[in-house]
Amino acid sequence: MDNRIKTLVIFLFAIAVLVGCENNGETGSSSNKPKARGSLGEILLVIDSAKYAGPVGEELRDIFEANIPGIIREESLFYVRKVDPRKLTRILKMANNMVYVTTFDDTRPASRVINSQFTPESKEMAMEDPSLFMLRNKDEFAVGQEVLYLFGENEKELIQNLRANKSQLQNLFVSKERDRLAKALFNRTNGEAAVKSAEKFGMALNLPASYQFVLEAEDFLWYRQPTPRSDKPDISLFFFQTAYTDEEQVFPENIIKLRDAIAKEHIFGDPRKKESFLVTERLEPPVFKNVQIDGKYSVEMRGAWKTNNLSMGGSFLSYTVVDEVQGKIFYMEGFVYYPNEAHRASLREIETILNATSFPAKAEEK
């Protein structure tokens, strides 16, 4: 199908579904809606229990409860809270993230409740085009909310679309969570860090005010969000630059070598014990992915770290950014120390901060 026609069909389909929602009294102006609420990384999954117990539920768990890559202790990408559509309360409908799942051939009472939100016209559109399986509806019940409808004529059709679009569905909510977190993190920023990073690296670093300066060396900066409480994570961010001479520098093994060299020289679990420098955990090898940071080719690395003397350990997330304009490679990393606790929220914070980094030199060159 031509992309313009496809876009028009999706637009008309969305209107048809929204009309159905209005008829059910579920919409209203943003001015009289409450603010969305909920824990970071939580998704409210609205689905029939029998469907969730079957193949559709298995696919949904594979998408939303997939393990976060690169860390030794298993943690799911999101915390999924399942609810029967007949038991949705006004409070539950205020959730930050909601996902409705149904198939039009399901006659069970719970699925019929979800199906009633679709008009006959929208159902007909979906049946005529099996690739129509998803609809986003922002602020449906609360301001700042992301509501997603996943549907199909039958389970086989829905499962095929879920499998084919796994990454898209994951990234949709990861991106939304990052946007929400950014509003909170960057409410107050560390102005000194912005100036220092601009002078040293020629980049714009957006760092929350809670992060404190730790160490500066040639081509190296380290900031840390320390905590005196054992029930809070200890997060560090460090930045390093080096000349970009060869594309082999961004091969996975060479990125690990670069990380270990930086950490061995500058980062210690206990500065009084030089054998306590940080190393990359190889028992569970890091996971790599090509991404873009401020429009620049970058390599994301997720993994586990430990001190060389095995006294400490945790998780880390890094980006190796190639800046061809400046002829530089920037290595940016955040690592968390939070023994025996979940690292998901800390890694999401690190991801949000590092992805907000920009490189003004690119614009100046243009």
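The values are calculated or read from the model by the stated rules, or taken from the named source; none is laboratory data. Values in this document were obtained by computation on a predicted structure and should not be read as measured data. Because the Cβ atoms are built from the backbone with ideal geometry, glycine has one as well, and the counts that use them run over all protein chains shown. Keep in mind that these areas ignore ligands, DNA and RNA; they rest on the heavy atoms of the full protein, side chains included. Shrake-Rupley method; radii C 1.70, N 1.55, O 1.52, S 1.80 Å.
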Got a sec? Which of GLY295, GLY327, GLY303, GLY334 is in contact with a helix residue (DSSP H, G or I) (Cβ under 6 Å, 6 or more places away or on another chain) and either within 24 Å of ASP219 (Cα to Cα) or open to solvent by 60 Å² or more (accessible area, probe 1.4 Å) (or both)? GLY334
Can you tell me how many residues in the stretch 93-104 are under 20 Å from ASP179 (Cα atoms) and either part of a loop (DSSP other than H, G, I, E, B) or touching a Ser or Thr at 6+ places or on another chain (Cβ under 8 Å) (or both)? 1
Can you confirm whether the stretch 340-349 contains a residue that is crowded, with 18+ Cβ neighbours inside 10 Å, in a strand (DSSP E or B) and out of contact with any Pro (no Cβ under 6 Å at 6 or more places or on another chain)? no
For the stretch 62-78, enumerate the residues that are over 17 Å from SER315 (Cβ atoms), surrounded by fewer than 17 Cβ atoms within 10 Å (Cβ to Cβ) and touching a residue at least 24 places away in the same chain (Cβ under 8 Å). ASP62
Looking at (1) touching a Lys or Arg at 6+ places or on another chain (Cβ under 9 Å); (2) part of a strand (DSSP E or B); (3) open to solvent by less than 30 Å² (accessible area, probe 1.4 Å), which is the one condition that is false for PHE288? (3)
If you go through the stretch 249-263 one residue at a time, do you hit one that is open to solvent by 90 Å² or more (accessible area, probe 1.4 Å), at pLDDT 95 or above, of a type in the set (A, V, I, L, M, F, W, C) and farther than 14 Å from SER318 by Cβ? yes
Collect the residues in the stretch 168-194 that are open to solvent by 30 Å² or more (accessible area, probe 1.4 Å) and charged (D, E, K, R), keeping them in residue-number order. LYS176, ARG178, ASP179, ARG180, LYS183, ARG188, GLU192
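Results for (1) assigned to a strand (DSSP E or B); (2) of a type outside the set (Gly, Ala, Ser); (3) open to solvent by less than 30 Å² (accessible area, probe 1.4 Å); (4) without any contact (Cβ under 8 Å) to a residue 12 or more places away in the chain, shown as yes or no for each residue.
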site	(1), (2), (3), (4)
ASP106	no, yes, yes, no
GLU124	no, yes, no, yes
LEU135	yes, yes, yes, no
GLU140	no, yes, yes, no
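Condition check: open to solvent by 10 Å² or more (accessible area, probe 1.4 Å), under 22 Å from GLY313 (Cβ atoms) and in contact with a Phe, Trp or Tyr (Cβ under 6 Å, 6 or more places away or on another chain). Does PRO233 satisfy that? Don't jump to the end; show me each part of the working.
Details: open to solvent by 10 Å² or more (accessible area, probe 1.4 Å): yes; under 22 Å from GLY313 (Cβ atoms): yes; in contact with a Phe, Trp or Tyr (Cβ under 6 Å, 6 or more places away or on another chain): yes.
It is true that PRO233 is open to solvent by 10 Å² or more (accessible area, probe 1.4 Å), under 22 Å from GLY313 (Cβ atoms) and in contact with a Phe, Trp or Tyr (Cβ under 6 Å, 6 or more places away or on another chain).
Are any residues in the stretch 233-266 of a type in the set (S, T, N, Q) and touching a residue at least 60 places away in the same chain (Cβ under 8 Å), and if so, which ones?
To start, the set of residues in the stretch 233-266 that are of a type in the set (S, T, N, Q) comprises 236, 241-242, 245, 249, 254.
Result: SER236, GLN241, THR242, GLN249.
Taking the conditions exactly as written (in contact (Cβ under 8 Å) with a residue 60 or more places away in the chain and among the hydroxyl-bearing types (Ser, Thr, Tyr)), does SER167 satisfy them or not? Spell out the reasoning first.
Numbers: in contact (Cβ under 8 Å) with a residue 60 or more places away in the chain: no; among the hydroxyl-bearing types (Ser, Thr, Tyr): yes.
When the stated conditions are applied, SER167 does not pass them.
Would a scan of the stretch 274-281 turn up a residue that is within 25 Å of the chain's Cα centre (by Cα) and part of a loop (DSSP other than H, G, I, E, B)?
Let us first name the residues in the stretch 274-281 that are within 25 Å of the chain's Cα centre (by Cα), namely 280-281.
So of that shortlist, the ones also part of a loop (DSSP other than H, G, I, E, B) come out as 281.
Checking the stretch 274-281: at least one residue is within 25 Å of the chain's Cα centre (by Cα) and part of a loop (DSSP other than H, G, I, E, B).
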Whether any residue in the stretch 281-301 is under 20 Å from ILE235 (Cα atoms) and among the polar types (S, T, N, Q) is what I want to check. no
Where the second residue is among the hydrophobic types (A, V, I, L, M, F, W, C) and the first is farther than 13 Å from SER318 by Cα and lies in the stretch 284-305, which pairs have Cβ atoms under 7 Å and are six or more apart or on separate chains? GLU284/ILE72; GLU284/ALA304; ASP294/PHE359; LYS296/VAL321; LYS296/VAL322; LYS296/PHE359; TYR297/VAL322
Out of curiosity, is THR227 modelled with pLDDT under 90 and either hydroxyl-bearing (Ser, Thr, Tyr) or open to solvent by 60 Å² or more (accessible area, probe 1.4 Å) (or both)? yes
